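Everything on this sheet refers to the single structure shown next.
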Amino acid sequence: MPRDDFAPNQAVAVSGEVPGDDELHALIAGAVLHRTDLVAMPGFKLDLSANPGFRKVFFKAGCECGTSALLSVEVGGDKTLGEIEAVLPTLAQRIETQADSFSRMSCDAHRQFRMGRAAPR
Ligand SMILES: [Zn+2]
């Protein structure tokens with residue numbers, strides 16, 4: 001199937017409603033679709049934030065050295081589909097900025113980054 005024919009899950013919510021998790025994810029994934037270095041992580045829920053009023057959408061960026069970084073954007077929990085669409089370029093840019101700063105790091109830095117993450121205690 002040609003990539004141009006790929007459509008993110010058709011949004012079911014109308015613009016005045018709060019979209020479901022899948023719709024929210026599809027919306028943001030669709031906005032960064034041109035970034036082939038990013039992997040969408042639908043359904044990945046990790047609540048590290050002390051921001052219970054926010055919903056997080058995760059992406060993964062990888063490097064050829066084997067290190068990957070978890071990227072995320074937060075969306076206010078009460079944002080409607082219309083409100084999210086209005087700020088979609090900004091949300092996409094936040095993900096892209098995080099991916100860019102990850103890819104600008106040297107692989108030495110990546111390895112340290114990875115070791116830091118792999119040492120929970
Ligand atoms: Zn690397």
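Tell me yes or no: at least one residue of segment 47-54 is assigned to a strand (DSSP E or B) and touching a Ser or Thr at 6+ places or on another chain (Cβ under 9 Å). Taking every residue of segment 47-54 in turn, none turns out to be assigned to a strand (DSSP E or B) and touching a Ser or Thr at 6+ places or on another chain (Cβ under 9 Å).
Just one of Phe58, Phe54, Phe113 is among the aromatic types (Phe, Trp, Tyr) and within 13 Å of the ligand (Cβ to nearest atom); which is it?
The match here is Phe113.
All conditions in (1) modelled with pLDDT under 90; (2) not in a loop (DSSP other than H, G, I, E, B) hold for Val73, with the sole exception of (1). For segment 71-86, taking the residues that are loosely packed, with under 15 Cβ neighbours inside 10 Å and of a type outside the set (Asp, Glu), the one that is farthest from the ligand (Cβ to nearest atom) is identified as Gly82.
The values are calculated or read from the model by the stated rules, or taken from the named source; none is laboratory data. Predicted, not measured: the structure shown is a model, and the values here were computed from it. Cβ sites come from the backbone with ideal geometry, for glycine too, and all protein chains shown count toward neighbours.
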